[in-house]
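**Q** Could you have a look at this structure, given as structure tokens, before my questions?
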Amino acid sequence: MTQSPTELFDLGGKVALVTGGSRGLGREMVRAFARAGADVVITSRKAEACEDAAAEVRAMGRRALAHGCHVGHWDALSGLVDAAYGEFGRVDILVNNAGMSPLAPSSAETSEELFDKVVGVNFKGPFRLSALAGKRMFDAGGGCIINISSTGSIRPQPGFGPYAGAKAALNALTTVFALEYAPKVRVNTIMAGPFLTDIAKAWTPQARERAHNIQGRPGQPNEIVTAALYLASPHSTYTTGSVFPVDGGTL
């Protein structure tokens, strides 16, 4: 039976937990999930920003929980998962979106502190959160995990070594958890190209207008939405362990 796009992307009765959900790509996905009928847990380091995003979701008629949390802090993540389950009793969709990509002067001048922060947010956090939430999803009978990676994981550049390495490790985690929690929990990754989020304010004017991809431009934040909805939808049941480029056709 043919279903409408609205029916295919229906997330009614689902709960989504989005890290880095108060701005950028994370906030766009929060909005999309809420419009599709999901209740949402929004987390980032800034609790105030999370509450602002949660208020927007509530205005759409959905429930939302704002929870300040630094995903690079291992011990904080069990509290995040407990808070989500305490509020909603379930998590059906986990989006590991939080990330940071500070530029280092050179590899030799990269400090241990910078290295640890970048790896903590981009790799350690998603690993721990996927382990905690994924196990609960598996025990409850199903769910999905969506990682947000970067084309930097396959097109690395000097100055971003720790970031590129952490995102490449996140790509590998996709297979790890897809296998570990199969067949009940699907695990996939969106490998994002350059997007005009808050981070683009630090780019040159030329970089904000042009990109080295087939489209010749950076993406608008809303252009991540359809891929996220597909992977979150219960109709993508035959898709797991995959890495999807959403990058304008990286060259």
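**Q** Just checking, how many residues over region 24-53 are part of a helix (DSSP H, G or I) and either under 16 Å from the mean Cα position of the chain (by Cα) or surrounded by 24 or more Cβ atoms within 10 Å (Cβ to Cβ) (or both)? Before the answer, list the steps.
**A** Of region 24-53, the ones part of a helix (DSSP H, G or I) are 24-35, 47-53.
Going one step further and asking which of them are either under 16 Å from the mean Cα position of the chain (by Cα) or surrounded by 24 or more Cβ atoms within 10 Å (Cβ to Cβ) (or both), we end up with 24-34, 50, 53.
Count: 13.
**Q** Follow-up. Return the pair list, or none, for Cβ contacts closer than 7 Å from residues in region 42-61 that are at positive phi and modelled with pLDDT of 95 or more to residues that are surrounded by fewer than 23 Cβ atoms within 10 Å (Cβ to Cβ) and assigned to a helix (DSSP H, G or I), at least 6 apart or on different chains.
**A** Within 7 Å, no pair qualifies.
**Q** Among (1) β-branched (V, I, T); (2) without any contact (Cβ under 8 Å) to a residue 40 or more places away in the chain; (3) over 26 Å from F33 (Cβ atoms), where does V119 come up short?
**A** Result: V119 fails condition (2) only.
**Q** Quick check on my filter: what residues within region 187-211 are in contact with a helix residue (DSSP H, G or I) (Cβ under 7 Å, 6 or more places away or on another chain), in contact (Cβ under 8 Å) with a residue 24 or more places away in the chain, surrounded by 14 or more Cβ atoms within 10 Å (Cβ to Cβ) and not β-branched (V, I, T)?
**A** N188, M191, A192, G193, F195, L196
**Q** When residues of region 104-139 are filtered for being exposed (fewer than 13 other Cβ atoms within 10 Å of the Cβ) and among the aliphatic types (A, V, I, L, M), how many remain?
**A** Our first condition is that a residue be exposed (fewer than 13 other Cβ atoms within 10 Å of the Cβ); within region 104-139, this holds for 105-109, 111-113, 139.
Those still in the list that are among the aliphatic types (A, V, I, L, M) too: 108.
Residues in region 104-139 being exposed (fewer than 13 other Cβ atoms within 10 Å of the Cβ) and among the aliphatic types (A, V, I, L, M): 1 in total.
**Q** Let me confirm something: among A133, A172, which residue is closer than 30 Å to F9 by Cα, assigned to a helix (DSSP H, G or I) and without any contact (Cβ under 8 Å) to a residue 12 or more places away in the chain? Lay out the reasoning, then the answer.
**A** Values: A133 fails: without any contact (Cβ under 8 Å) to a residue 12 or more places away in the chain.
Sole residue among the options that is closer than 30 Å to F9 by Cα, assigned to a helix (DSSP H, G or I) and without any contact (Cβ under 8 Å) to a residue 12 or more places away in the chain: A172.
**Q** Here's a check for you: in region 182-199, which residue that is in a loop (DSSP other than H, G, I, E, B) and among the aliphatic types (A, V, I, L, M) is farthest from the chain's Cα centre (by Cα)? Even if it seems obvious, please write down each step before you answer.
**A** Filtering region 182-199 down to residues in a loop (DSSP other than H, G, I, E, B) leaves 182-184, 193-194, 196-197.
If we keep only those that are among the aliphatic types (A, V, I, L, M) as well, we get 182, 196.
Values: A182: 20, L196: 16 Å.
Checking each candidate, the answer is A182.
**Q** Between L77, L65, which is in contact with a helix residue (DSSP H, G or I) (Cβ under 9 Å, 6 or more places away or on another chain), touching a residue at least 40 places away in the same chain (Cβ under 8 Å) and either under 19 Å from F127 (Cα atoms) or of a type outside the set (D, E) (or both)?
**A** Numbers: L65 fails: touching a residue at least 40 places away in the same chain (Cβ under 8 Å).
Exactly one residue qualifies, and that residue is L77.
**Q** Now, a different point. Considering only residues of region 79-111 that are among the charged types (D, E, K, R) and at pLDDT 95 or above, which is farthest from K14 (Cα to Cα)? Steps first, please.
**A** Going through region 79-111, the residues among the charged types (D, E, K, R) turn out to be 82, 87, 90, 92, 109.
Add one more test, that the residue is at pLDDT 95 or above, and what stays is 82, 87, 90, 92.
On the way: D82: 17, E87: 13, R90: 8, D92: 6 Å.
That would be D82.
**Q** Now for a different question. Which count do you get for residues in region 212-233 that are in contact (Cβ under 8 Å) with a residue 40 or more places away in the chain and assigned to a loop (DSSP other than H, G, I, E, B)?
**A** If we filter region 212-233 for residues that are in contact (Cβ under 8 Å) with a residue 40 or more places away in the chain, which is where we start, we get 221-222, 224-225, 228-233.
Checking the rest, the ones that are also assigned to a loop (DSSP other than H, G, I, E, B) come to 233.
Residues in region 212-233 being in contact (Cβ under 8 Å) with a residue 40 or more places away in the chain and assigned to a loop (DSSP other than H, G, I, E, B): 1 in total.
**Q** Here is a further query. Do we have S22 as over 28 Å from D139 (Cα atoms) and either of a type in the set (V, I, T) or in contact (Cβ under 8 Å) with a residue 24 or more places away in the chain (or both) here?
**A** Working: over 28 Å from D139 (Cα atoms): yes; either of a type in the set (V, I, T) or in contact (Cβ under 8 Å) with a residue 24 or more places away in the chain (or both): yes.
Taking the combined requirement at face value, the residue satisfies it.
The values are calculated or read from the model by the stated rules, or taken from the named source; none is laboratory data. As the structure is a prediction and not an experimental result, all values here were calculated from the model. Neighbour counts run over all protein chains shown; Cβ positions are idealised from the backbone, glycine included.
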